[in-house]
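Let me begin by presenting the structure, written as structure tokens, before commenting on it.
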Amino acid sequence: MDKIVIHGGKRLSGTIPVSGAKNAALTLLPCALLTEEPLTLRNLPRLADIDGFQHLMNQFGISTAIAGSRPEDFGRVMTLQATRITSTVAPYDLVRKMRASILVLGPMLARMGEATVSLPGGCAIGNRPIDLHLKALEALGAQIEMAAGYVKAIAPDGGLPGGRFSFPVVSVGATENALMAAVLCKGKSTLHNAAREPEIVDLCNLLTAMGARIEGIGTSDLTIHGVPRLHGATYMVMPDRIEAGSYACAAAITGGEVLLKGARIEDMEATVQALRDTGVLVEPREDGLYVAANGPLRPVTLSTAPFPGFATDMQAQLMALLCKAEGSSVLTETIFENRYMHVPELNRMSAHIETKGRTAVVHGVDTLTGAEVMATDLRASMSLVIAGLAAEGETQVHRLYHLDRGYERLEEKLALLGAQIERIGAD
Ligand code: EPZ
């Protein structure tokens with residue numbers, strides 16, 4: 001098992017490139033199902049989840065070609081082509097490793113008139129049901145059957161009519177599945193209380209580039225006029241706002257600075273506001289976002305919320321930063337029911353965090369101490385790295401497969417900023 005070893009206390013300073021957004025890429029990749037023509041995605045991050053999704057697409061008979069990129073490059077170009085789809089089934093052994101596989105349900109249904117996907121099940125941060133995905137597809141005219149741990153969606157007489165759905169709870173994935181099904185419906189569809197995350201806008205922009213007709217992009221009310229077919233496209237994946245926010249916290253906790261090359265402030269206003277509220281300097285630059293520590297850290301009180309609110313995917317990373325604030329912060333996690341698993345590990349590093357239900361009180365401490373810690377989920381693992389960068393002594397982060405799902409070449413990027421960090425593979 002790989003682990004990362006960090007010798008904390010180094011002030012980080014420098015420039016790092018922000019990679020393509022994992023959570024955009026995972027909804028752009030299945031769009032290849034919606035056309036027989038080639039879809040080329042640029043700036044795809046090199047991540048385990050992207051590799052997993054590529055394998056899933058190959059499972060359906062979709063060709064995937066990685067354009068030549070030098071080993072030192074960040075990001076890749078992938079061309080996918082679904083000329084002929086040889087299977088409409090996403091099997092258990094692939095879906096259980098990557099729950100984002102559920103995002104093939106809508107596009108596969110739209111293209112083939114049917115789709116069968118293994119139920120993704122829960123994960124460390126919550127039980128993560130898919131009821132809203134299924135209700136939205138039913139509203140567009142799909143018939144839904146459940147059997148033997150699989151969900152099967154069927155379009156009557158081979159094509160979805162379209163329809164209207166209002167989401168009782170904002171759901172990123174369910175909005176994405178509904179959008180990718182609606183674009184090829186026979187008629188018009190409207191989605192209300194839809195998710196507005198930048199990754200949804202990226203999906204709408206790609207679908208539009210493929211010939212889809214979508215109104216209300218960026219708002220929670222979307223109107224999709226179905227078209228008979230979509231064509232191929234070449235599209236640049238948006239920069240990863242969560243990766244950018246994570247490295248901002250990393251630089252700030254060390255009293256340092258970082259230019260996040262490619263970051264777009266409009267994608268991450270709530271994160272920027274939270275950083276500014278802690279006393280960190282954040283300035284947009286023409287080529288990205290400049291972040292610098294600017295005196296002692298102040299405590300903050302905030303709740304996670306759907307976009308444009310503070311992203312749940314930034315909660316663990318901000319919590320690590322707040323461990324060094326002068327005072328007590330109060331964080332409330334409103335999206336997932338079990339997203340505080342980084343807390344016991346941070347407390348083993350001499351943090352002082354108390355949780356009660358969905359609320360965490362982070363009492364700032366003067367010193368964090370290095371320790372052997374264990375990653376439990378993707379963003380929790382990044383919070384441990386952030387704490388390790390500021391901690392006295394050595395921190396070892398185990399179970400790196402969590403980290404590798406969402407952070408492209410993390411130790412190389414942090415080393416660019418002067419961190420003393422190395423990955424040690426299993427001997
Ligand atoms: C996406 O997950 C992201 N993943 C998550 O990022 C992110 O935390 C989440 O959106 C919220 O922003 C990808 O994009 C691949 P949701 P998703 O549907 O779509 C409930 C990371 O760290 N819900 O918006 O699964 C659900 O339980 C990952 O990069 C239902 O009840 O999230 C949750 O409480 C973690 N029924 C809330 O809605 C449903 O059918 C929001 O979930 C679907 C969701």
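Only the coordinates and a few stated rules stand behind these numbers; no lab work does. Here the structure is a predicted model, which is why all the values come from computation and not from measurement. Glycine gets a Cβ as well: all are built from the backbone with ideal geometry, and neighbour counts include every protein chain shown.
According to the square roots a ≥ b ≥ c of the eigenvalues of the Cα gyration tensor, what is the shape class of region 278-416, taking rounded for a/c under 1.5, prolate for a/b larger than b/c otherwise, and oblate for the remainder? Don't skip to the end; give the middle numbers.
Details: a/c = 1.13, a/b = 1.00, b/c = 1.13.
Rounded shape, in that the Cα axes give a/c under 1.5.
Where a ≥ b ≥ c are the square roots of the eigenvalues of the C-alpha gyration tensor, would you call region 207-295 rounded, which needs a/c under 1.5, or, failing that, prolate if a/b is larger than b/c, or oblate? Judged from the Cα gyration tensor, region 207-295 comes out prolate (a/c at least 1.5, a/b above b/c). According to the calculation over all Cα-Cα pairs in region 68-224, the P(r) per 10 Å bin from zero is 11, 39, 36, 13, 2 %.
Could you work out the longest stretch of the chain that avoids the GluC sites (Glu not before Pro) located in DSSP loops with at most 10 other Cβ atoms within 10 Å?
Values: sites that count: E72, E286.
Of all site-free stretches, the longest is 73-285.
Find how many whole Å separate the alpha carbon centroid of region 68-136 from the alpha carbon centroid of region 307-383. The two parts, judged by their Cα centres, are 30 Å apart. Remark on region 84-135: hydrodynamic radius 11.6 angstrom, per the Kirkwood mean of 1/r across alpha carbon pairs. Note on region 145-280: Cα-only Rg and Dmax are 18.8, 62 Å.
By definition, a body whose alpha carbon gyration tensor gives a ≥ b ≥ c is oblate when a/c is 1.5 or more and a/b is not larger than b/c, and region 146-203 fits this oblate description. Volume per residue, Å³, of the convex hull around the alpha-carbon atoms of the chain? It comes to 129 Å³ per residue, whole-number rounded.
Rounded to the nearest 500, what is the 222 nm mean residue ellipticity of the chain from helices alone, with -39500 (n - 2.57) per DSSP H run of 4+ residues and division by all residues?
Details: 13 runs with 119 residues, N = 427.
Result for the chain: -8000 deg cm²/dmol, rounded to the nearest 500.
For region 91-139, applying the loop criterion from DSSP together with a ceiling of 11 other beta carbons within 10 Å to the trypsin sites (Lys or Arg not before Pro) yields no site.
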